[in-house]
Amino acid sequence: MIPNAVSYRLAKARLHASLTPGLAATYDSDGFALADIAVADGKISAVAAHDRAAISSGAVDLAGRIVLPCFVDCHTHIDKGHIWPRKPNPDGTFTGALNAAGADRVARWSAEDLAKRMDFSLRSAYAHGTKALRTHLDSVAPQEEISWPVFETMRETWRGRIELQGACLLGIEGVRDKKWFDRLAKRVAAAKGVLGVVTYMVPDLEELLDHVFAQAIKHGLDLDFHADETDDIAAISLKKIAEAALWSGFEGNILVGHCCSLARQPDLEVLDTLDKVAKAGLAVVSLPMCNLYLQDRRSDHTTPRWRGVTLLHEMKARGIAVAVASDNTRDPFYAYGDLDMLEVYRMATRILHFDHPVADWPQTVAATPAKVMRLDGFGTLAAGGDADFILFKGRSWTELLSRPESDRIVVRGGLAIDRQLPDYAELDGLMVE
Ligand SMILES: Nc1ccnc(=O)[nH]1
């Protein structure tokens, strides 16, 4: 369907208003317009409202199929990916995940083990249409000395296919050892990474956050938090992060993931937190699949009663930048997943009601995470940009989101890529006891 040629034209593509800035066309109530796309030398040379003359003059007729820009996945853990067969979660809880993943890290995460699993994950993400990905890297000593060099090599290997970003990951209590944490911040800065910590309620949270912000300012780093991944209504570290950002005058980008407890708190508490989050300019990423899996997991095997996700509608209504992302894949934090951002968007639509109207929710998997990750030209379709897009079978939201779209076509630099997924058997050698 996509010509194997340096330049060609596609006619009657269905494009979404939220991801095609600058396209003057007639959009329907679902936000779609029919358009023609010209590709030349790996770039999009023109996008225009569909003209019926295009097909008779030789353009390929896409017959109204949806075309989206390649995905941006801003919160993953590809250092943990695919360890499930050798280290499952014993009971499906967050604590079970933390303990199992920690034990596997200590016992098994050599450079070779990490590199093979990371590469497997990236091949899947690429085949599904992802163009940029941020991964957290467990950075508890001595793992940081093993994982960061592997990450740096992987980033070079994948440059041009997937733009990789790394964020360190450690519990906020790890910041108490200031000498060690400051060294880590320096290491992250050397790798052009992002400074990340997991926040939860500890007595010295404010002081520790101040130190994290001070180190980010010192090294000119963006910040990425895991916050309040719990149903405990007393967990208010999202608010504490916003307050720390305001006090410190921090000017970098801040992305905060999870924020599950916010959805359980009383309205007045929520309003106060959202005011501060908006004022501080924080961006929030929800991880709907992992949250559905871990949150409200019941030891008495009764039925879960809440979805686990945070208040994305309320945030978006206030102008807070919101995204969704993959999070964990086939590890103790989430038993499933393949870094397929269409699956994430499909699940987010069901879990978070990204529909009726769809409005600009598609930005959550493309334009918004691209902005948070400072990736100019990513996550939108526009003339002058790279010809990196995904051609689906679906011609409407209900068609797109009802099937896995395993037969989608991913175009990179104007050419359809090989979408063969890696075989799980490749990892068998890493899974033996
Ligand atoms: N949801 C998660 C929290 C912490 N670490 C992870 O890998 N995943």
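Name the residue farthest towards the positive end of the dipole of region 306-433 from the options L312, A366, P422, assuming +1 on Cβ of Lys and Arg, -1 on Cβ of Asp and Glu, about the Cα centre.
Farthest along the dipole direction, towards plus: L312.
Report Rg/Rh for region 282-388, rounded to two decimals, where Rg is the Cα radius of gyration and Rh the Kirkwood radius.
Details: Rg = 15.2 Å, Rh = 15.0 Å.
The Rg/Rh ratio comes out at 1.01.
Highest GNM mean-square fluctuation, the chain, Cα pairs closer than 10 Å: which of T135, T273, T380?
Looking only at T135, T273, T380, the largest GNM fluctuation is found for T273.
Going toward the positive end of the dipole of the chain, with +1 on Lys and Arg Cβ and -1 on Asp and Glu Cβ, which of T153, T130, G337 do you reach last?
So the residue we want is T130.
How big is the Kirkwood radius of region 315-364, worked out from every pair of different alpha carbons and given in Å to one decimal? Write down the numbers at each step before the final one.
Details: mean 1/r = 0.0838 Å⁻¹.
Hydrodynamic radius (Kirkwood, Cα only) of region 315-364 equals 11.9 Å.
Pick from D177, D327, D228: which is most flexible by mean-square fluctuation in a GNM of the chain where alpha carbon atoms under 10 Å apart are linked?
The residue that fluctuates most here is D177.
Counting only DSSP beta bridges with both residues in region 71-372, what percent are antiparallel, rounded to the nearest 5? Working shown, then result.
On the way: 1 of 32 bridges.
Approximately 5 percent, going by the DSSP bridge assignments.
For region 160-289, what ratio Rg/Rh do Cα atoms give with a Kirkwood hydrodynamic radius? Present the calculation step by step, with values, prior to reporting the outcome.
On the way: Rg = 14.4 Å, Rh = 14.9 Å.
Value, to two decimals: 0.96.
I'd like to check one number: the per residue accessible area of the chain, probe 1.4 Å, reported in Å² as a whole number. Numbers along the way, then the final one.
On the way: 17600 Å² over 433 residues.
Averaged over the residues of the chain, the accessible area is 41 Å².
Assign one of three labels to region 71-196, namely rounded, prolate or oblate, based on the Cα gyration tensor with a ≥ b ≥ c the square roots of its eigenvalues; rounded applies when a/c is under 1.5, prolate when it is not and a/b is larger than b/c, and oblate otherwise.
Numbers: a/c = 1.72, a/b = 1.10, b/c = 1.56.
Note, shape of region 71-196 comes out oblate.
Only Lys, Arg, Asp and Glu count, each charged at its Cβ (+1, +1, -1, -1), so figure out the dipole size of the chain about its Cα centre, rounded to 20 debye.
On the way: 49 positive and 59 negative charges, 167 e Å.
Charge dipole of the chain: 800 debye, to the nearest 20.
Would you calculate, for the chain, the mean residue ellipticity at 222 nm contributed by helices, counting each DSSP H stretch of 4 or more residues as -39,500 (n - 2.57) and dividing by all residues, to the nearest 500? It would help to have the intermediate numbers written out before the result.
Working: 14 runs with 146 residues, N = 433.
Computed ellipticity for the chain at 222 nm equals -10000 deg cm²/dmol.
How long are the three semi-axes of the equivalent ellipsoid for region 1-90, computed from the Cα gyration tensor as the root of 5 times each eigenvalue, in whole Å, largest first?
Details: eigenvalues 257, 59, 29 Å².
Working through the eigenvalues yields semi-axes of 36, 17, 12 Å.
With unit charges on the beta carbon (Lys/Arg positive, Asp/Glu negative), name the residue among W247, I351, Q215 whose Cα is farthest towards the positive pole of the charge dipole of the chain.
Result: I351.
If you build the Cα gyration tensor of the chain and take the root of 5 times each eigenvalue, what three semi-axes come out, in whole angstrom, biggest first?
Working: eigenvalues 256, 120, 90 Å².
For the chain, the semi-axes come out at 36, 24, 21 Å.
Could you work out what % of the accessible surface of the chain is carbon and sulfur, using a 1.4 angstrom probe and leaving DNA, RNA and ligands out of the count? Don't skip to the end; give the middle numbers.
On the way: 9170 of 17600 Å².
Of all accessible area on the chain, carbon and sulfur atoms account for 52 percent.
Non-local amide H neighbours of G385 (under 5 Å, H modeled in plane, Pro and chain starts lacking H): which ones?
I44
Going 7 Å from the Cα of E145 in the Cα-to-Cβ direction, what parts of region 96-113 have a backbone nitrogen less than 11 Å from that spot?
Within reach of a label on E145, which here means backbone N under 11 Å from a point 7 Å along Cα→Cβ, region 96-113 contributes nothing.
Need the C-alpha centroid separation for region 354-397 versus region 60-130, integer Å.
Cα centroid to Cα centroid, the span is 21 Å.
The values are calculated or read from the model by the stated rules, or taken from the named source; none is laboratory data. Keep in mind it's a predicted model, so treat the numbers as computed, not measured. Don't worry about glycine lacking a Cβ; one is built from the backbone with ideal geometry, like all the others, and counts go over all protein chains shown. These area figures cover heavy atoms from the full protein model, side chains too; ligands, DNA and RNA do not enter into them. Shrake-Rupley method; radii C 1.70, N 1.55, O 1.52, S 1.80 Å.
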